[in-house]
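One structure is given below, encoded as structure tokens.
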Amino acid sequence: MVLRWLKGLRYTDVLDRVIETGLCSGCGTCVVACKVNSRACLEYVEKPLREEGLCIDCGLCLHSCARADVLMERMGFIGREVSEGVGGVRAAYAVRTTREDVRRVCQDGGFVTTLLLWLYEKGLIDAALLSGVGKQPQSAEPRLAKSADEILASAGTRYTYSPNILPLLEEVPKLAPYSAGKVAFVGVPCQIQSLKKAHRNNVKPFERVKISIGLFCSESFDYRGLMKQKIEGEMKIPLGQISKTNIKGKFLIYLRDGRQYEIALKDIKGYVRRACEFCDDFTAEDADVSAGGVGLDGWSAVLVRSKIGEEAVNGMITDKVIEAKPLQEFKSAYDLMLKLSRNKRSKSAKTIGELPVAIAV
Ligand SMILES: Cc1cc2nc3c(=O)[nH]c(=O)nc-3n(C[C@H](O)[C@H](O)[C@H](O)COP(=O)(O)OP(=O)(O)OC[C@H]3O[C@@H](n4cnc5c(N)ncnc54)[C@H](O)[C@@H]3O)c2cc1C
């Protein structure tokens, strides 16, 4: 990517604008990229934060920021390819795990955790960048899981934001040569988009990520708003008593004592993170393999997108760690996936269209 032809504009001006406009998803990829510099200027405090006087305008941040492309396109400087459907797909399955240990803790069909365990137990990865349960109940916290137990303990969905790439920060000093070691990455579409952009631009710390697993995502929610204000504050549900939450047309809350609650999605729209309104990717189109629930009960919808993803899923089928059927046999899930992809694209086009285009320098 060449930005220098943006007259008088520094890379950092563009990144600053991505943050100011609310476009920044907070994925943290730019912060990890920046750390390769001896005078790294970006820190992560809920979003990238620049320490004045340190930036050398190397451009690594923008080479790792998919949201910068959205801004640049809006300004008329570049074009972006936006797919019509759900992106490139080699195979589409409905999958459920055959592992009892995964079935007990997973969100939908347990595909993601079973894939991670299969890769780890085969020695194909050393660790996985994913999201575990944070210090506060129902919060999400990025983790580098280095054992099967840690992978298993991170199963399930937390519907708040978790910048899963960040644990790579601590690893950066230990990484050179960067290609040593093999890591799987699990993340929502905005995170996969930036990771893939960084890969395409050969940004070094990310070479270690050998396979990316994308999660379908309509939106993610602000923890304080959804969990503290709505569920704990208004509904008087102690967060520590929640065993699981899920979205199946409604936001579903399951308590440890067997009680269940539901909230209409329209009643929690106000807690959706602003950055999600700019996202046009429901199925994580840049991932090696993507998975979502799309209304399925006990199954994951799985889209295999790359050769490495295909080899892994075929290996899992051969080893019988998953049961897989053609996704088309689950017509309502298949149709819902297409509908949610279309809806996300058209909603984001409207929000992006309202973005102010000028950058003050
Ligand atoms: C914020 C969010 C919104 C989602 N919205 C939808 C949706 O609208 N429609 C849909 O079909 N599917 C959605 N999903 C995906 C769905 O919840 C499941 O993750 C998916 O179906 C895979 O299920 P599984 O049983 O294979 O996963 P599991 O085997 O249970 O593994 C889940 C993996 O997700 C990771 N994870 C958990 N929380 C987060 C988080 N906040 N950020 C990043 N990684 C996380 C865990 O580390 C774990 O590795 C969403 C997921 C997230 C995180």
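Readers should treat all values here as calculations from the given coordinates under stated rules, not as data from a laboratory. Model, not experiment: these values are computed from the prediction. Cβ atoms come from the backbone with ideal geometry, glycine included; neighbour counts cover every protein chain shown.
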* Of MET337, ALA349, GLN136, which is farthest on the positive side of the dipole of the chain, counting Cα position, with +1 on Lys and Arg Cβ, -1 on Asp and Glu Cβ, and the Cα centre as origin? -> ALA349
* To do: Excluding residues fewer than 8 places away in the same chain, name every one of the lysines whose C-alpha is closer than 19 Å to that of LYS244.
  => LYS135, LYS228, LYS230, LYS236
* Sketch the reach of a paramagnetic label on HIS199 as a point 7 Å from Cα along Cα-to-Cβ, and name the residues of segment 266-309 whose backbone nitrogen lies under 12 Å away. => 285-290, 305-309
* **Assigned charges on the beta-carbon of Lys, Arg, Asp, Glu; the chain dipole about Cα centre (debye)** => 280
* ARG104 versus ALA91: modelled label distance in nm, points set 7 Å from Cα along the beta carbon direction -> 3.0
* Across LYS196/LYS269; LYS210/LYS320; LYS196/LYS250; LYS35/LYS210; LYS182/LYS307; LYS197/LYS248, pairs whose alpha-carbon gap is larger than 25 Å -> LYS196/LYS269; LYS196/LYS250; LYS197/LYS248
* Asked: Amide H neighbours of TYR161 under 5 Å, counting only residues 5+ apart in sequence or on other chains, H built in-plane at 1.01 Å?
  -> PHE221, TYR223
* In the chain, what cysteines have no partner Cβ closer than 4.7 Å? -> CYS24, CYS27, CYS34, CYS58, CYS65, CYS106, CYS190, CYS217, CYS276, CYS279
* Structure fact -> Quick shape check on segment 223-269: root eigenvalues a ≥ b ≥ c of the Cα gyration tensor, a/c under 1.5 is rounded, otherwise prolate if a/b tops b/c, else oblate, and it reads oblate
* **Amide proton proximity set for ARG143, modelled H, under 5 Å, gap of 5+** => LEU130, SER131, GLY132
* Calculate the spin-label point distance for ASP57 paired with LEU355, positioning each point 7 Å from the Cα along the beta-carbon direction, and give it in nanometres. => 2.2
